[in-house]
Structure formats: C-alpha cells, structure tokens
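This report concerns only the one structure given below.
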Amino acid sequence: MPSRRCHTDCVERPLSRALRALGACVGSHPWPFLLLPLALSAALGAGFMHLKAREANDIEAQFTPIGGPAKNERSLVQKDFPTNDSQRFSAQRLTTEGSYAALIAVGEGSILTREAFAELLALDKAVRELRSETGLSFEEVCAKIGPDGNCSSPNPLLSAVQGDPARIEALLPNLTFPLFMGRVPLGLFLGGVTLDPGVPPARPVRAAKAVRLLYFLQEDHAGPKEESQRWIHTFLQRAPQLLRSLNLTSLKVAYFTSLSRQQEFEKNSKEVIPFFSITYTLTIFFSIISCSRFDCVRTKVWVAAFGVLSSGLSVLSSFGLLLFCGVPFVVTAANAPFLILGVGIDDMFILVSCWQHTRVKDSIKNRLADTYAEAAVSITITTLTDVLAFYVGIATSFPSVQSFCIYTGTAFVFCYIYNLTFLGAILALNGKREESNRHWLTFMKVKSEPQDSQGQLYNICCVGGSFDESSEAESEHPMNGFFRKYYGPFLVQSWSKAVVVILYLIYLGSCIYGCIQIKEGIDLRNLASDHSYVVQYYDWEKEYFSGYGPRVMVVVTESVAYWDPSVRKDIENCMEALENSSYVDAKLSESWLRVYEGVAPRMSINLNDRNVFIGNLSVLFRINPDYKWDVDYNDTEIAASRFFIQTVNVTTAVDEKILLNELRDLAEGCKIPLIVYHPAFIYFDQYLVITQNTIQNILIATGVMLLISLLLIPHPICSLWVTFAIASVIVGVAGFMTYWNVNLDSISMINLVICIGFSVDFSAHISYAFVSSEKPSGNEKAVDALYHLGYPVLQGAASTVLGVAVLSMATTYIFRTFFKIMFLVILFGAAHGLIFIPVFLTLFGFCGSSSQSPYPVSKQPSAMEGFHTSDGKGMPRSPVQSDPVSCWKLGRFSPS
C-alpha cells in the first residue's frame, strides 16, 4: 500500500523515532529532566546581573540604520569644520543636535506684549541662576559666542529688549519675519506668527503666539560636556518647581532638553515590568481553565501551571545566556517574554492534547513516547519556522530589530527544549498520579465509579479517572463537536461561500488601500510615554514652529578652484538648484561666496587670481566673523567650504523622506563635489532602508517558510496556498496599520517578521488536514479539517493574544504597537485558518481530491478505528496514530 506521507517521510520518520525515544526516556526517568532545566535556568539567570551593563538604549545607535549615509557625512563635516563651543558657538553650524535646554512659552493672546515679556525675562533669569550639583551656574557651562565669554542668546528678541519688557512694544512696529533686522532668522524662535502685508522676506509682525528659548551648553570636549549634562540634570529636576514658583499668568511653558528623549525612552523598559506579573497571572488562569476537566483525576491543572513556568524558565535562561555573552539588550527586546509566553503554552496544549489521545491503560513510558512521536514533531516544525523567521530578522540594518530578533529567537529555542524536558517530566509525573487514580489537589486515591448515594457535588470533587472505553483514550472536548456539527456545515453552504468570497474581496481591497497610505519612519515623539512632560513640548513645536525645518549645510567636500569663474558659476548653479526645491526658502540662504563676490568689486579685489582670492579672505571674515568657520583653507588652497539653505514646511514623515531624497539627488547631480547635511538627517536615513529591509526580510522568511511547508504538507500545490495565506496576512496587517495609526518603522518591522511564522501556524496545518482527510468531497474535507483544528485554533489564538493583551494598557508607543500588530496577526491569521482557507480549498479542490487518499473510499478507516500494530520497535500504536489528521503536524493547534 503506498504511503500518503512519502513526500515527508525522509524528514518526519527519523525525527519521529528520535523524539519517541526521548519521550520514552523522559517517561521512564522524569526527575532528571525536571531538575536539570531548573538548575540550568538558575545558573544562566545569573546573567541578569549584567543587564545594566548590556543595556544599549541609545536612540541614534538603535533606531537609525547601521552605516547610514548621514553618519558618514557627519564625519566629513566634523573633520573639516571642528567646533569650539567655548569661544565661537553657532547653532546652525552644529554637527550634532547639541547640548541644550529648551523652553516654549505660549501666550493666551499675542505673546509680544509687555506683560508676557516681563514673565519671559523672569523665566530667563531663573534658568540662568540654576546651578548644577557641582555648583556651576549656566554662565559657566554655556556655549559662548566669543572670547569675551558671552553666552549664546536663548532668543534674539530677549537680546533686543535688553532687559526692559516695555521695549518689545516699541520694537513691534519694526519687527519683521522671518528675518529680523534684515539678517537674524526668527523661524526657530518665534511661532504662531500673524503677518501684515509686506514684501518677503521682511514682512511686519502683527502678533505671535509662542516664543522658544534655547540655552545651549558646551559639549565638544569631555570635561565641559560632563558638566553641561550635570547642569541639564539639575534643570530637569527643578524645572517643574521653578515654573510653579514663578506664578506665570500670561504664559504657559513646556520644557525639553537634549537628554530628555533618551531619558524618557529608557523609562519605557521600567514601565513594562509590572505587566509581566499581570500577564503571567492571566495566562496561568487561562491555561488552567483550558486544561481543566470536571474529572478530578484527568484534569491537567498542574501541567497547565508548570507549562507557564516552562515559558518563564526559557526567558530566564535565554536572556541570561545572551547577557553573559555580551549581546546588547534594547528595550524592544522587552516585548519578547510576552510573545514567548503565548507560544509556550500553545505547545503545552499540543502535548496535553496528544497525551489525552493515547491509551489510558498503557504505561507512562509508552504514553509519553506516543505523545512525543506525534506532538513533538509538530512542535519541532513550528518552532523551526518561528526561530528561522526571527533569525532572518537579524540581517536588518536596525540594531533595535537585531536585538529583539536574537533574544526572541533564542528564547524560542529554550522554550522548545524545556517543553520537551521540563514540561514532559511534569506530564509524566502527572500521568503517574492519574495512573494511581489520585486527586489532583490532595493526591489521595479516589473512587473511579460515581457514587449515586453521595450526590453530584461529591462525584465532581471526589470521583475521577474515567475514559472512553471504545478508544481507550480520554474523552474528546465538546468544542470539537461544535465545529463538526454546526460551524463546519454552516461554512460550506453555497451562500456562505459567496459571503466569504465577498468578505475576502472587501478585506483585500481595504488592505491594499491601507498599504498605499502607510507612513514610514519612527516619530521620535513616540519614544516617550504619553504622560511625559516632553509631549506638550512636541505638540507645541509642531503647532507653532513646524513652518521652518532644518537649516541644512551644503558642503563642498573637495578642494576646487574658487578663483575660477566657471567653478564659481557651477557652485552658484548648484545652490540655485537646491533653492528651487519646494522645501527650500531661497531668501533665507547664506553663502560666504556670494557675499565675497558682492564686496570684491567695491574693494577692487580680483577674485580670478588665486593668491588674491585666498589672501583677501580675511576681509570677508571682518564683515562676518562666522564665515571663518565655513572655509577650511591654507595659503595655497581651500580644502572645503560650506553654505546654508533653509528648509520650510517639513511637517510630516513623507515630507522628510522627499526632502532628503530630493536634496541628495540635486547634490549628486552637481558638477561640484557636494554633500548636504543636518543632524536630523541621521534619523531621516531610516526612510532609505526601512521599506527595503522590510520587504527583503519578508521575502527571505517567506521563502524559508515555503520550503518548510513543502516538507510539512504532502501536496506541493497546497504549499502555494500556504504562501498565499502568508502574503494575505502580511498585506492585511500592513494595510490595517494605517487605520490604527501605526507607522512602518523599525518597531513595526519586527512584528511584520513575526507575521510570517504565525501565518504558517494558522494556514499550513489547515491545508495539511484538508489534504490528508479521507473524506470523499471537498466540503466534507473542510468540515473534517475544522473538526480537528477549529477549537485548537481558537485556543492558540486566545492564548497568544492573552500573552500580549496587557501591553494595550501601556502608555508607550513601542509596547502598544507590539500589541496592535500582534492582535492583527492573530485576528487575520485565525480568520484565514477558520474562514478563508477552508472555503477556498473547497472552491479549488484540486489539492484535496480523493485521489490523494491511498484507500478506496469504501474502505477508508474512521477516525476512531485504530490499527493496534507495532511501530517497528515493538511499541503498540495508539488509535490516534492511525488517524490521518491526528496531532501529527497540526502545529501549535491541536484538539484538547
């Protein structure tokens, strides 16, 4: 008789035999397999002592792509244009974000009033009087704009009023925007501006809603930088009290510092700790309810509780091992325990289910051997798919994704090992208790026959050990009957299929539209919790100051002949090309070369002569001393120089992506070797790789999953259905991310990789069950598949959702996003497994025709007819082993 599983025997049969031998060993000697994982977990758990040392939560390092172009551009700029914050600070010339404290003050009406400026001056004075824990004042650590030791002004208007708030009203008739006094840009400092008609770029200001104060500190040397950070820490500690003590009536104030984003991000990992205990409590409760029975002997309460513990031990061991090995721990990896918990108890459900299908009267050794031969193959395959999906994710360009994938993938490996050893030992010990017919709680022997004289309550609590005499296995779960009698027949009705097809088309159309509208990139605001003080600052910054974006450096990176008129013309053409961008305001550009060309004729300087050009640069620097720091030159050549352009209306992630690509393309198209740079471009670089990385990881992982499904399902065409389901779920999750306000970023990319592994779990096994069914028609095959998989799919989906559900209550974007996408993955995966795939398989029944069956229809064995023959090793096979849709290869989901 030909074998139905000839396509997979070369993998499955040796694996099944090896696992059968392991099960027999665990069943015979459970205590070593129980104690060794506990000892190993205790030893590896000591690695958590290194947690602080291994934490790598630097936002730039973790959430920007490795080797991003802007990082190389920053190195070039820093080499050619070193900074000196102690003598010649310039905010627009910073190559980093800088070290600073910032305040945004918003008025009820216009902030350009005497009362508002009186409070602004009081606020400025209070900030300047703050001293760090080492006693240094702001004046001692501030960034200075000259050798006389004057601090950089926090706002040009504060400097203009010279300590007298009444001067703002006198200044107002001559106040223009965005250039003040013809050369001072105000876009960064004055927001919510109402302008009178006038000629740009100097239109008179009628009113303004907000003022920003920026207190820059020294950071370009280690000693001053450390003192500056101490002062900023003091500022953050005292800012709330300081604002209350000023009793401001005309202003509302929000504050922020260069350290705020990092500090708030690091708090995220502490927020998730309380959720662990809630999740584990809920999961234990769910597991116990799922595995409980009214039979006080056959109930699997202890197995359920220790199944959750097994998942916890796997997290403890895997994390401890990786921390010992020095693997960086990023806050994104804190999501892993929630996922491992859900997956771990899914595997427990399989073991319990297949144990219940073994013959009750067999020895513990044989029962566990049969369980492992069936369930452990399934667990092996699904673990393999998940581990590979995560390890593929390590190839991404984002360290935060790499950290999550390596921690989660390794935890899956330990979860698999502990389920086959620790949990298997618990199952064996629990089996010995059942074998001697002892109560699950008191461990005292109880009667196996109901005692009518004692009443129903007594029989529930004190009588147990019953089983199905016909199959010699434990009785089946009532939910399996629901899918066989009601749901399956309902789904295969003609009108039901039509509704399902229409529903899928609506689903697919909605998903495709959502994918088109999806936003890319992580909003740095989302790295802080919802209740953080930085949220108000970000909101006001977006509302009042989003009109003016980064002030971008345009850097000539190589030595060129500036004294050659054609070279100067090429540079001017490049500047004009950049200024013609819709995101650039040409009137706010700054070019030392244009100024030089403007003053040269008046001073009879021949710019076409090399020696004259270089020799008279000092004249230019007297006009504007800051230009000295824009030209890197010696007596014979100009090694590099830079200019500045002002970007505008960069308000969304789409704008940031278009701006970066447009400016870089224009710079690359110039005849002159140019780069464009701003510190924000470090974060904008994610737009260049996030989509590419996501698609690359998904395609590679999907290919791996397809290969595994070819081994799993004995029909190649049905493997294409698995691929279809994977693609369909990924498109669905990506599309609905748009509707749930989730961007495509390094955090959501993690979850899209997770989609692949879970899509396999939901789709591959329903296809296998359909193909392997001995029923003659497609409709009957679908009902049969749902009979075996319906309840387990619900059980597995519920346990996984429960594992991450508490994250929905988190106040941080990272954990909420993890919940949202996992919820979508499970929802759409379960929908495909329970609704779409069964219907589509009946409509396209070529992969489930009865010709696949090795038996004539009239002689097909029923699910309950066991072949009580030997497995080749002298061990009797249980009835379930002859069932073509038994626990074997049902993945995480197996009837309980």
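Filter segment 199-257 down to residues that are part of a strand (DSSP E or B) and farther than 27 Å from Leu524 by Cβ and give me whichever is modelled with the lowest pLDDT.
Here is the first cut: in segment 199-257, the ones part of a strand (DSSP E or B) are 202-207, 210-217, 251-257.
Going one step further and asking which of them are farther than 27 Å from Leu524 by Cβ, we end up with 202-207.
Working: Ala202: 68, Arg203: 79, Pro204: 87, Val205: 89, Arg206: 89, Ala207: 91.
Across segment 199-257, the extreme among qualifying residues is Ala202.
Looking at segment 513-565, which of its residues are among the charged types (D, E, K, R), free of Cβ contacts under 8 Å to residues at least 40 places away in the same chain and more than 20 Å from Asp655 (Cβ to Cβ)?
Matches in segment 513-565: none.
Residue by residue through segment 675-698, note down the ones that are touching a strand residue (DSSP E or B) at 6+ places or on another chain (Cβ under 7 Å), outside any loop (DSSP other than H, G, I, E, B) and farther than 26 Å from Ile756 by Cβ.
Ile675, Val676, Tyr677, listed by residue number.
So for segment 312-330 (the condition being of a type outside the set (Gly, Ala, Ser), modelled with pLDDT under 80 and assigned to a helix (DSSP H, G or I)), does at least one residue qualify?
no
For residues in segment 85-118 being outside any loop (DSSP other than H, G, I, E, B) and of a type in the set (Gly, Ala, Ser), which is surrounded by the fewest Cβ atoms within 10 Å (Cβ to Cβ)?
Only one residue tops the list, namely Ala91.
Identify all residues within segment 181-198 that are in a loop (DSSP other than H, G, I, E, B), of a type outside the set (Val, Ile, Thr) and either modelled with pLDDT of 85 or more or more than 12 Å from Leu157 (Cα to Cα) (or both); write none if there are none.
Hits for segment 181-198 are Gly182, Arg183, Leu186, Gly187, Leu188, Phe189, Gly192, Asp196, Pro197, Gly198.
Give just the number: which of (1) touching a residue at least 24 places away in the same chain (Cβ under 8 Å); (2) surrounded by fewer than 21 Cβ atoms within 10 Å (Cβ to Cβ) does Val308 not satisfy?
(2)
Could you say which residue among Lys569, Lys628, Lys587 is under 19 Å from Pro673 (Cα atoms) and out of contact with any Cys (no Cβ under 8 Å at 6 or more places or on another chain)?
Working: Lys628 fails: under 19 Å from Pro673 (Cα atoms); Lys587 fails: under 19 Å from Pro673 (Cα atoms).
Selected residue: Lys569, the only one of Lys569, Lys628, Lys587 that is under 19 Å from Pro673 (Cα atoms) and out of contact with any Cys (no Cβ under 8 Å at 6 or more places or on another chain).
Checking Glu55 against (1) out of contact with any strand residue (DSSP E or B) (no Cβ under 7 Å at 6 or more places or on another chain); (2) at pLDDT below 85, which single condition isn't satisfied?
Single failed check for Glu55: (1).
Of everything in segment 560-591, what is more than 35 Å from the chain's Cα centre (by Cα), buried (at least 16 other Cβ atoms within 10 Å of the Cβ) and not in a helix (DSSP H, G or I)? Give them in sequence order.
Hits for segment 560-591 are Val560, Tyr562, Trp563, Asp585, Leu588, Ser589, Glu590, Ser591.
Are any residues in segment 491-501 free of Cβ contacts under 8 Å to residues at least 24 places away in the same chain and either loosely packed, with under 11 Cβ neighbours inside 10 Å or not in a helix (DSSP H, G or I) (or both), and if so, which ones?
First pass over segment 491-501, keeping only residues free of Cβ contacts under 8 Å to residues at least 24 places away in the same chain: 493-495, 498-499.
Residues satisfying the conditions are Gln493, Ser494, Trp495.
Of the residues Gly223, Gly191, Gly187, Gly163, which is over 24 Å from Glu119 (Cα atoms), outside the structural domain of Arg551 (by TED's automatic domain parsing) and either of a type outside the set (A, V, I, L, M, F, W, C) or touching a residue at least 24 places away in the same chain (Cβ under 8 Å) (or both)?
The conditions single out Gly223.
Considering each of Gly320, Gly344 in turn, give the residue that is assigned by TED's automatic domain parsing to the domain that holds Ala375 and either of a type in the set (Lys, Arg) or within 19 Å of Gly796 (Cβ to Cβ) (or both).
From the options Gly320, Gly344, the qualifying one is Gly344.
Count, please, the residues in segment 29-57 that happen to be part of a helix (DSSP H, G or I) and surrounded by 15 or more Cβ atoms within 10 Å (Cβ to Cβ).
The qualifying residues number 12.
I'd like to check something: does segment 799-814 contain any residue that is more than 23 Å from Ala333 (Cα to Cα) and either buried (at least 20 other Cβ atoms within 10 Å of the Cβ) or modelled with pLDDT under 80 (or both)?
Looking through segment 799-814, none of the residues is more than 23 Å from Ala333 (Cα to Cα) and either buried (at least 20 other Cβ atoms within 10 Å of the Cβ) or modelled with pLDDT under 80 (or both).
The values are calculated or read from the model by the stated rules, or taken from the named source; none is laboratory data. Not measured: the values here are computed from a predicted model. Using ideal geometry, Cβ is built from the backbone for each residue, glycine included, and neighbour counts are taken over all protein chains shown.
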